[in-house]
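Each reported figure results from applying straightforward, stated rules to the coordinates on display, with no laboratory input. Predicted model, so just to flag it, every value in this text is computed and none were measured. With ideal geometry, Cβ positions are generated from the backbone for all residues, glycine too; neighbour counts draw on all protein chains shown.
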Amino acid sequence: MKLKYDLRIIRHPKELTYQIKSYEKIPIELFDNAFDGSKHIAFRIAEAIKEKQRNGEMIKLGLATGSSPLKVYSELIRMYNQENLSFSNVITFNLDEYYPLDPKQQESYNHFMNQYLFDHVDIVPENINIPLGNLSLEEVDSYCKDYEDKIDHLGGLDIQLLGIGRTGHIGFNEPGSTINSKTRMVRLDNLTRRDAAQDFNGIENVPYKAITMGVETILKAKEIYIMAWGQHKADIVKRAIEGNQTSDIPATFLQDHPKVK
Ligand code: GLP
């Protein structure tokens, strides 16, 4: 019971699932470790990709950055290498990007996605969409609207992957984000900037802003997987799955989604 809300290290998952069920407003699945949980999600994504392939259709995936999805991506790469999983019918939309930041910089989420997924699979480069952090301020609004419209015109996201920040953010929808927020520029919470300090070699180098899909953009996805591995996430996970829906913890808005885990 030490790690009651930790999704990573649970000694007796069944017993704990039973105990937590009565409180949870987002269905949860507990795994012995992050690798097992990531494999489970990667398998679901792979099945969805193959199903669309059989029907001659494209699949639209909403992708996340941060440490949480890393093992999902490495498992997908393994399936590509060892099980002939093709990404030729995959279109991706990433959640967010720091602003201002050049996409070529190694701290950028553009760089991250290439490094941990796209460079290793057969996705068509034109099918990759990641917000750009090097736009001029004047360009941002119309860029965000186009990003949103592109997702809609393609019929929406089939699967959205999410992590959760310690402020309760999803994407970079920080406290204060509303349920009907769309893709836009946001100001980052100081806790989020502190959490990113190591990646940027000091908080003074962490951008103050970001471009992120909105809460509404995320909620439009047909199926959502939110991952949280590790004790440091336990408190915010508890508040996200048990608390009342509030802009103070944007992840609570997932509670109404019909297919979120
Ligand atoms: C960043 C990203 C989020 C991510 C969060 C958590 O803030 N914008 O999308 O969920 O980090 O990161 P981690 O998975 O490393 O804990």
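Between Ile179 and Asp235, what is 0.36 nm times their sequence separation minus the Cα-Cα distance? Round to one decimal in nm.
Length gained between Ile179 and Asp235: 18.0 nm.
Would you mind telling me the antiparallel percentage of the DSSP bridges in the chain, rounded to 5?
If we restrict to bridges inside the chain, about 40 percent are antiparallel.
Test of understanding: given the chain, find the longest segment containing no GluC sites (Glu not before Pro) that are in a DSSP loop and have at most 13 other Cβ atoms within 10 Å. If you can, show how the numbers build up before the last one.
Details: sites that count: Glu29, Glu57.
Free of exposed loop sites, the longest segment is 58-261.
Using the Cα centre of segment 17-167 as origin and beta-carbon charges of +1 (Lys, Arg) and -1 (Asp, Glu), tell me which of Cys144, Tyr98, Leu61 is placed farthest towards the positive end of the dipole.
The residue sitting most towards the positive pole is Leu61.
Given a Förster distance of 35 angstrom, what is the FRET efficiency for Asn201 paired with Asn244, based on the Cβ-Cβ distance and rounded to 0.05?
Working: r = 38 Å, r/R0 = 1.10.
Approximately 0.35, to the nearest 0.05.
When 1/r is averaged over all different Cα pairs and the result inverted, which Kirkwood radius in Å belongs to segment 45-120?
So the Kirkwood estimate lands at 13.3 Å.
Mind listing P(r) for segment 118-172? All alpha-carbon pairs, 5 Å bins, whole percents.
4, 13, 17, 23, 23, 17, 4, 0
Along the positive direction of the dipole of the chain (beta-carbon charges: Lys, Arg +1; Asp, Glu -1; about the Cα centre), which of Pro125, Tyr109, Phe31 reaches farthest?
The listed residue farthest towards the positive side: Phe31.
Which one of Phe200, Val237, Thr217 is farthest out on the positive end of the charge dipole of segment 188-261, using unit charges on Cβ (Lys, Arg +1; Asp, Glu -1) and the Cα centre as origin?
Projecting each Cα onto the dipole axis, the largest value belongs to Thr217.
Less than 9 Å Cβ to Cβ from Ile224, Lys/Arg counted +1 and Asp/Glu -1: what total charge do the surrounding residues give?
Result for the neighbourhood of Ile224: +2.
Segment 133-236: Rg/Rh from Cα coordinates, Kirkwood Rh? Don't skip to the answer; put the middle values down first.
Values: Rg = 14.5 Å, Rh = 14.8 Å.
My calculation puts Rg/Rh at 0.98.
Where in segment 198-230 does the amide nitrogen come within less than 14 Å of the point 7 Å from the Cα of Ser67, taken along Cα to Cβ?
198-200, 228-230
Relative contact order for the chain: what is it in percent, counting Cα pairs under 8 Å that are at least 6 residues apart? Walk me through the intermediate numbers first.
Numbers: 494 pairs, mean separation 61.1, N = 261.
Normalised by residue count, the contact order of the chain is 23 percent.
Run the helix sum for the chain: -39,500 (n - 2.57) per DSSP H stretch of 4+ residues, divided by residue count, reported at 222 nm to the nearest 500 deg cm²/dmol.
So the helix-based figure for the chain works out to -10500 deg cm²/dmol.
How big is the dipole moment of the chain about its Cα centre under a simple scheme where the beta carbon of each Lys and Arg is +1, that of each Asp and Glu is -1, and everything else is neutral? Debye, nearest 20, please.
Charge dipole, the chain, about its Cα centre: 940 debye, nearest 20.
Once the Cα gyration tensor of the chain is found, what semi-axes does its equivalent ellipsoid get, as square roots of 5 times the eigenvalues, in whole Å, sorted largest first?
Ellipsoid half-lengths, sorted descending, are 26, 24, 18 Å.
Using the Cα centre of segment 131-261 as the reference point, and only Cβ charges (+1 on K/R, -1 on D/E), how large is the resulting charge dipole? Debye, rounded to the nearest 20. If you can, show how the numbers build up before the last one.
Values: 16 positive and 19 negative charges, 78 e Å.
The calculated dipole for segment 131-261 is roughly 380 debye.
Give the cross-link partners of Lys150 among the aspartates and glutamates, using a straight C-alpha distance below 19 Å as the criterion and excluding same-chain residues fewer than 8 apart.
Answer for Lys150, where 19 Å is the Cα cut-off: Glu57, Asp96, Glu97, Glu126, Glu139, Asp141, Asp158, Glu216, Glu223, listed by chain and number.
Only loop residues by DSSP count here, and only those with at most 10 other Cβ atoms within 10 Å; note down the trypsin sites (Lys or Arg not before Pro) in segment 63-126 that meet that.
Working: sites: Lys71, Arg78, Lys104; in loops: Lys104.
Passing both the DSSP loop test and the Cβ count: Lys104.
If you put +1 on each Lys and Arg Cβ and -1 on each Asp and Glu Cβ, how big is the dipole of segment 175-222 around its Cα centre, in Debye rounded to 20? Let's see the in-between values first.
Working: 8 positive and 5 negative charges, 59 e Å.
With Lys and Arg at +1 and Asp and Glu at -1, about 280 debye.
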